[in-house]
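Peer 1: First, the structure itself, so that you have it in front of you.
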Amino acid sequence: MSKRLNCNSTPSKLTLRERCKRAEEALRASEQRYALVERGTNDGLWDWNLKTNKVYFSFHWKSMLGLRNSEIGDSPKEWFDRVHPDDIKRVKRQITAHLEGLTPRLEIEHRVLHTDGTYRWVLSRGIALRDADGKAARMAGSQMDITGRRMAEQRWQHDAFHDELTGLPNRALFLDHLRLSISHREPAPAKPVPDRRTKGPGHYSIAVLFLDVDGFKLVNDSLGHVAGDELLIAIARRLKACLRAGGTIARLGGDEFAILLDVVQGANDATRVASRIQKKLAAPFNLGGQEVFVTASIGIALGGAQGERPEDVLTNADTAMYHAKARGKACYDNFDAGMRARGVERLQLESNLRRANRHREFRLFFQPIASLKNGAITGAEALVRWQHPQRGLISPAEFIPLAEETGLIVPIGEWVLRAACAQARDWHAAGHTHLRVTVNFSARQFEHPKFAALIRTVLKEIGLSAPALELEITESIAMKDIGLSVAILNELRADGIRISIDDFGTGSSSLRYLKQFPVHTLKIDQTFVKDLTSDIGDAAITAALITMAHTLQLRVIAEGVETEEQVAFLRSRRCDEMQGYLFSQPVSAEAFRKLLHEGWNLCRVEVLGRQDQT
């Protein structure tokens, strides 16, 4: 009986040859996939056999570092020897941690040496393959070139903490350096050793210099922003030359710089640096063939106490700088606690001044101007006072400089102009049509692009004729920009407005440029009038100014007249008018109205003066 085929029986087992053939095909397929991955990626691949301690480096891994096959072996030392010295310990530490099973995978950024001598930033990733006992037998991974990204990050970080123009650290980085300097200082001793040079405790370890460039705005406005930038770059170079090792220079913005001195023993160490800076900046700067001179106001703050805030030290230096600038610029000043108190007081004053502008707390006073020929009142100079709710009447010397600095002088000045014109209109309505009112203007008002238009508008709204208003600017304002001054003054004169130059004789180049100004009146400064009866020089200058003004067909007013002897001298030189305490101090509008009503004049004042003497 023939054997029957059992359909349910299992096929015979594969022969050894067939099994080897299938394994070879699988291996070949795996190698093909690996080769395809290697060719298709820009990453460099590596495969480290930990048992034989040999590493396979792919073509991309080698080319990433400029290597050819013949230039690298298969030892891991070939890899580690190329890692940057500052990174190698970190790389080995993380590899060891992963091989010991402490991390799920390897991922680290580090630097590797290229054959061109530079270091490239790479991201190395890898994972370990473990045997049945969990021990790492092999580790493979990739290497990606991230130099471009790291350089972009470094540029961003640099730009975030450095000034774009000068390349110096900016405010944020400077404060960070200052914070580190303070934190690294040792606590002050219980009994500080006196420093004879500073006349106080000698435990100062750092100093901050806050520097503001005097005259930068003039350069920037006159020669343009490109020249201004060139000047700032040149200043930064000179500051670097003044600073020895262990310090930081920063540009805080605009024309302000800060310098951190890491190690100082007292104020003298810092002032020596400040003096060196001022000498260095005193030399001329050449900007496109134009020679330019600038100076610097420098504030100095000493510090270094544990727990001290870096912002406070910088603020103290800033405060001292403003005090130095107020002293006349081109100098330096050391911070003291009194400055902070005065700063708080100034801040309060500014706040009160802004409130005063909103609530119209200002009052106008009028100082009569009298004819030296017949003694009659011919006009008045309008002078502003601040009627403070608590402090009473505040002198303009106390608040006008602050108003100039803050820009409040513009709205305050407009109020003064309107109030003075309204008062002059009332005088004219009362029959005193010969009177004129003089109004002072600051540089900030005079340079405003709508200055002339504002005056025309106010005269029209108030209903005052142009010749009844006389605008008064100082000689220094007129000399600041000759071309601009002449253009503005010509425009005002064309409208019929009278113009006077105040403080004449105290500025420079006066005689050379005076003939260019379309003015009606010169006011001789009281510094010449004060001693003209006892000082031959003042007498000669005053007489010469009167003669020159009359030659140019200008009216002359002498300021600060307080004695009959001064009046006699001025009359003998044919001066036209005067104002001063001999006749009247500045008075309210009501008191001025009484002077007009009573027919008060200079002749009566002189008679009464002689009667009082007898």
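The values are calculated or read from the model by the stated rules, or taken from the named source; none is laboratory data. This structure is a prediction, so every number in the text was calculated from the model and none was measured. So basically every Cβ, Gly included, is an ideal-geometry build from the backbone, and we count neighbours across all protein chains shown.
Peer 1: Hey, can you tell me all the residues within the range 458-479 that are in a helix (DSSP H, G or I) and closer than 23 Å to Leu383 by Cβ?
Peer 2: Of the residues in the range 458-479, the ones in a helix (DSSP H, G or I) are 458-462, 466-468, 475-479.
Answer for the range 458-479, where residues must be in a helix (DSSP H, G or I) and closer than 23 Å to Leu383 by Cβ: Val458, Leu459, Glu461, Ile462, Ala466, Pro467, Ala468, Glu475, Ser476, Ile477, Ala478.
Peer 1: Continuing with this model, one more query. Of the residues in the range 237-254, how many are crowded, with 19+ Cβ neighbours inside 10 Å, within 16 Å of the chain's Cα centre (by Cα) and either small (Gly, Ala, Ser) or farther than 25 Å from Ser181 by Cβ (or both)?
Peer 2: So the answer is 1.
Peer 1: Another question, then. Filter the range 234-290 for residues that are over 17 Å from Gly303 (Cα atoms), among the polar types (S, T, N, Q) and touching a residue at least 24 places away in the same chain (Cβ under 8 Å) and give the result.
Peer 2: Ser275, Gln278, Gln290
Peer 1: Still on this model: I'd like to check which strands (runs of 3 or more DSSP E) are fully inside the range 254-325 and have at least 1 residues that are within 20 Å of Met339 (Cβ to Cβ). Lay out the reasoning, then the answer.
Peer 2: Values: elements: 256-261, 285-287, 290-292, 295-303.
Where strands (runs of 3 or more DSSP E) fall fully within the range 254-325 and carry at least 1 residues being within 20 Å of Met339 (Cβ to Cβ), they are 256-261, 295-303.
Peer 1: With (1) assigned to a helix (DSSP H, G or I); (2) loosely packed, with under 14 Cβ neighbours inside 10 Å; (3) in contact (Cβ under 8 Å) with a residue 24 or more places away in the chain as the list, and Gly483 as the residue in question, which single condition is left unmet?
Peer 2: Only one criterion in (1) assigned to a helix (DSSP H, G or I); (2) loosely packed, with under 14 Cβ neighbours inside 10 Å; (3) in contact (Cβ under 8 Å) with a residue 24 or more places away in the chain is unmet by Gly483, namely (3).
Peer 1: Identify all residues within the range 339-374 that are in contact (Cβ under 8 Å) with a residue 60 or more places away in the chain and of a type outside the set (S, T, N, Q); write none if there are none. Please lay out each step first, then the result.
Peer 2: So in the range 339-374, the residues in contact (Cβ under 8 Å) with a residue 60 or more places away in the chain come out as 363-374.
Those that are in contact (Cβ under 8 Å) with a residue 60 or more places away in the chain and of a type outside the set (S, T, N, Q): Arg363, Leu364, Phe365, Phe366, Pro368, Ile369, Ala370, Leu372, Lys373.
Peer 1: Please find, among Leu173, Leu129, Leu165, the residue that is at pLDDT 90 or above and either assigned to a loop (DSSP other than H, G, I, E, B) or under 18 Å from Ile108 (Cβ atoms) (or both). Write out each step before concluding.
Peer 2: Working: Leu173 fails: either assigned to a loop (DSSP other than H, G, I, E, B) or under 18 Å from Ile108 (Cβ atoms) (or both); Leu129 fails: either assigned to a loop (DSSP other than H, G, I, E, B) or under 18 Å from Ile108 (Cβ atoms) (or both).
Going through Leu173, Leu129, Leu165 in turn, the sole match is Leu165.
Peer 1: Mind telling me which of the residues Thr521, Thr533, Thr563 ends up being surrounded by 13 or more Cβ atoms within 10 Å (Cβ to Cβ), under 46 Å from the mean Cα position of the chain (by Cα) and among the β-branched types (Val, Ile, Thr)?
Peer 2: Numbers: Thr533 fails: under 46 Å from the mean Cα position of the chain (by Cα); Thr563 fails: under 46 Å from the mean Cα position of the chain (by Cα).
Result: Thr521 is the single residue among Thr521, Thr533, Thr563 that is surrounded by 13 or more Cβ atoms within 10 Å (Cβ to Cβ), under 46 Å from the mean Cα position of the chain (by Cα) and among the β-branched types (Val, Ile, Thr).
Peer 1: Turning to a different aspect of this structure: Among the numbered conditions (1) more than 24 Å from Asn49 (Cβ to Cβ); (2) in the same structural domain as Ser70 (by TED's automatic domain parsing); (3) loosely packed, with under 13 Cβ neighbours inside 10 Å, tell me where Arg120 comes up short.
Peer 2: Looking at each condition in turn, Arg120 falls short on (3).
Peer 1: Being modelled with pLDDT of 85 or more, touching a Pro at 6+ places or on another chain (Cβ under 7 Å) and either of a type outside the set (A, V, I, L, M, F, W, C) or not assigned by TED's automatic domain parsing to the domain that holds Lys77 (or both) narrows it down to one residue among Ile182, Ile206; which is it?
Peer 2: That would be Ile182, the only listed residue that is modelled with pLDDT of 85 or more, touching a Pro at 6+ places or on another chain (Cβ under 7 Å) and either of a type outside the set (A, V, I, L, M, F, W, C) or not assigned by TED's automatic domain parsing to the domain that holds Lys77 (or both).
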